[in-house]
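The values are calculated or read from the model by the stated rules, or taken from the named source; none is laboratory data. Keep in mind that this is a model prediction, so the values were computed, not measured. Here the Cβ is made from the backbone with ideal geometry for all residues, glycine too, and neighbour counts use every protein chain on show. The area values use the complete protein model at the heavy-atom level, side chains included, leaving out ligands, DNA and RNA. Shrake-Rupley method; radii C 1.70, N 1.55, O 1.52, S 1.80 Å.
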Amino acid sequence: MALIVQKYGGTSVGSIERMRNVARRVAKWKAAGHDLVVVPSAMAGETNRLIALAREIQPQPDARELDVVAATGEQVTSGLLAMALMQLGLRARSYSGWQVAVRTDSAYSRARIESIDTERLQTDLAAGVVPVVAGFQGVDAAGNVTTLGRGGSDTSAVALAAALKADECQIYTDVDGVYTTDPRIVETARRLRTVTFEEMLEMAGAGSKVLQIRAVEFAGKYRVRTRVLSSLTDPDLPVGEEARSGTLITFEDDPNMAMEKALISAVAAQRDEAKITVYGVPDRPGVAYAILGPIAEANIDVDVIVQNVGRDGMTDLSFTVARADLPRALAILRAQVQPHLKCREVTGDARMAKVSVVGMGMRSHAGIAARMFRTLAEEGINIEMISTSEIKITVVIDEKYTELAVRVLHKAFGLDEE
Ligand code: ADP
Ligand code: ASP
Ligand code: MG
């Protein structure tokens, strides 16, 4: 008998029928002798709808109130799922984040989980009750409702699995695992039976939204055995078969890790990026800090950073931010940084994307970057910025080439299905 946390994404709970299927699936695992904690997302499209409602009233919604509104989507599905489980004769009880409590910091719309009280859940589990915990939400030290960032139910589930020392966290979604690239963009993408935690971390950071990056961080830090699998298969599929399906996130020293031979495991893309360039800044210590410090203070995430080689004591610095943050970042730079540093010009380009290749094989093989750049050159795709890690190469390109770049790289690295 194992303790399993099962997370069901928006599509998986997207209709009453789908919720009934989720309940059947949960009942099946319970009947096989396991203890279950269920974490639903809001119904597909619901979080967007709630955020749009808030924007109708306040174009820049108040951060605290926006989280109050956005968190309701998961409250609805947790209650409905508990009912669906009861209809199958199971004992179930729903909880919002604050009822558990899932304790977070106070960064509205991007809160981090700090700790989880497990007492109520343990009591339920001991009594054979299935707790259904609303994903995506928590409560800060002052009792305010917080949300964990888009896609945050993944993180709720993995963090609960860590806190409960669960045997496995199962992320049920609308695809049957982690693929070599987004299977909705490239139909020749292949499912990976396993992916290492490091690769998954890089993929999530590079735009593969199948798992939220913070969920992967939790899985790594607390060594939570995490599996991504489909909620759209027959809910009565035998448990043994389902337990081996999907994609398992492995740790490198895990003896079960399949030695996949590919140099590159996946291609990831992230649209909606923007590039900012600050021209003509003095080439002296402290300048990068003078530019990026105020950006960090405004809670704007900076991703790829490139500084040019200095000439005549002057240099240029470019970096990327999420497109939604571009107006704010430009305003800060023009108001605070430009007058102070006396730099020549600050420009913003709103239509950028980053495309990345990820793979453990990169550590022991040369020439991957060259192959990547040649492949893009052959398609006439200009590379604007480059950044690398030990197992990832990222290029920043014009957004209109995103899909083309993903396709040609997927093929060039031999990831297309035979
Ligand atoms: P959920 O609502 O279940 O959390 P998401 O939409 O957040 O689902 O994540 C699943 C989606 O992630 C898939 O439908 C797929 O389009 C996308 N995706 C992006 N990259 C990948 C990848 N490498 N493997 C699988 N799915 C991916
Ligand atoms: N419902 C939230 C969102 O749409 C959280 C999630 O789905 O994981 O972002
Ligand atoms: Mg998701």
- Message: Eigenvalues of the Cα gyration tensor times 5, then square-rooted: what semi-axes does that give for segment 270-418, in whole angstrom, largest first?
- Response: 32, 16, 13
- Note on the structure: At q = 0.14, 0.20, 0.28, 0.33 1/Å the base-10 log of I(q)/I(0) from the Debye formula over the alpha-carbon atoms of segment 356-397 is -0.29, -0.58, -1.02, -1.22
- When the solvent-accessible surface of protein heavy atoms is calculated with a 1.4 angstrom probe, in what order do Phe197, Phe136 fall, highest first? Phe197, Phe136
- Query: Using Cα pairs under 8 angstrom and six or more residues apart, how large is the relative contact order of segment 259-384, in percent?
  - Reply: 41
- Item | Summed side-chain charge close to Asp35 - residues other than Asp35 whose Cβ falls under 13 Å, Lys, Arg +1, Asp, Glu -1 | 0
- Query: Each residue of segment 47-56 in turn: what ³J(HN,Hα) in whole Hz from Karplus with 6.51, -1.76, 1.60 and θ = phi - 60°, glycine and Pro shown as x?
  - Reply: 5, 4, 4, 5, 5, 5, 4, 4, 5, 5
- Note on the structure: Within segment 339-418, pairs of Lys residues whose Cα atoms are less than 23 angstrom apart, provided they are eight or more positions apart or on distinct chains, add up to 6
- Note on the structure: Mean separation of Cα contacts under 8 Å (at least 6 apart) over the residue count of the chain, i.e. the relative contact order in percent, is 14
- Report the calculated FRET efficiency for Met314 and Ala377 (r = Cβ-Cβ distance, R0 = 35 Å), to the nearest 0.05. 0.70
- Kirkwood Rh in Å, taken over all unlike Cα pairs in segment 263-318: 13.3
- Name the residues whose placed amide hydrogens come within less than 5 Å of the amide hydrogen of Thr146, ignoring near sequence neighbours (fewer than 5 apart) on the same chain. Gly138, Val139, Asp140
- Taking segment 147-263 as the region of interest, what is the percent of Cα-Cα pairs per 5 angstrom bin, listed from the shortest bin to the one with the maximum distance? 2, 12, 21, 26, 22, 12, 5, 0
- Query: Each label point is 7 Å from the Cα along the Cα-to-Cβ direction; what then is the distance between the points at Asp62 and Ala288, in nm?
  - Reply: 4.1
- Simple spin-label estimate for Leu237/His365, 7 Å along Cα→Cβ, in nm, reads 3.0
- Message: Using protein chains only and a probe of 1.4 angstrom, how many square angstrom of Met314 are accessible, to the nearest 10?
- Response: 80
- Query: What is the P(r) of segment 1-152, as percent of Cα-Cα pairs per 10 Å bin from 0?
  - Reply: 12, 41, 33, 12, 2, 0
- Task: Compute the separation of the alpha-carbon centres of segment 98-122 and segment 8-43 and state it in Å as a whole number.
- Result: 22
- Message: Restricting the calculation to Cα positions, tell me the Rg (one decimal) and the Dmax (whole number) of the chain in Å.
- Response: 22.8, 77
- Item | Antiparallel DSSP beta bridges within the chain, percent to nearest 5 | 65
- Report, by chain and number, residues whose modeled amide H sits under 5 Å from the one on Val13, excluding near sequence neighbours (fewer than 5 apart, same chain). Ala44
- Sum up the charges of everything whose Cβ sits under 9 Å from the Cβ of Val129, counting Lys and Arg as +1 and Asp and Glu as -1, but leave Val129 out. +1
- Please sort 145-153, 408-416, 352-360, 209-217 by packing, taking for each peptide the average over its residues of neighbouring beta carbons within 10 angstrom, highest first. 352-360, 145-153, 209-217, 408-416
- Item | Net dipole in debye of the chain [+1 Lys, Arg Cβ; -1 Asp, Glu Cβ; about Cα centre; nearest 20] | 280
- Query: Say we join alpha carbon atoms closer than 10 Å with springs in a Gaussian network model of the chain; which of Leu160, Leu90, Leu237 then has the biggest fluctuation?
  - Reply: Leu237
- Task: With a Förster radius of 56 Å, plug the Cβ-Cβ distance of Arg328 and Met1 into 1/(1 + (r/R0)^6) and report the FRET value to the nearest 0.05.
- Result: 0.65
- Does segment 81-182 classify as rounded, prolate or oblate by the C-alpha gyration tensor (a ≥ b ≥ c root eigenvalues; a/c under 1.5 gives rounded; else a/b over b/c gives prolate, otherwise oblate)? oblate
- Efficiency by 1/(1 + (r/R0)^6): what FRET value for Glu187 and Met86, r their Cβ-Cβ distance, R0 = 25 Å, to the nearest 0.05? 0.05
- Give, rounded to the nearest 20 debye, the magnitude of the charge dipole that segment 52-99 has about its Cα centre when Lys and Arg contribute +1 at Cβ and Asp and Glu contribute -1 at Cβ. 300
- Message: If I take every Cα pair under 8 Å that is 6 or more residues apart in segment 19-138, average their sequence separation and divide by the length, what percent do I get for the relative contact order?
- Response: 34
- Take the alpha carbon gyration tensor of segment 207-339, find the square roots of its eigenvalues, order them as a ≥ b ≥ c, and report rounded if a/c is under 1.5; if not, report prolate when a/b exceeds b/c, else oblate. prolate
- Query: Excluding Ile295 itself, what net charge comes from residues whose Cβ is under 13 Å from its Cβ, given Lys and Arg +1 and Asp and Glu -1?
  - Reply: -2
- Query: At what distance in angstrom do the alpha carbon centres of segment 66-94 and segment 182-236 lie from each other?
  - Reply: 25
- Message: Multiplying the sequence separation of Gln307 and Glu17 by 0.36 nm and subtracting their Cα-Cα distance, what value in nm do you get?
- Response: 99.1 nm
- Charge dipole (segment 52-91, unit charges on Cβ, about Cα centre) - positive-most of Val69, Leu53, Gly89: Gly89
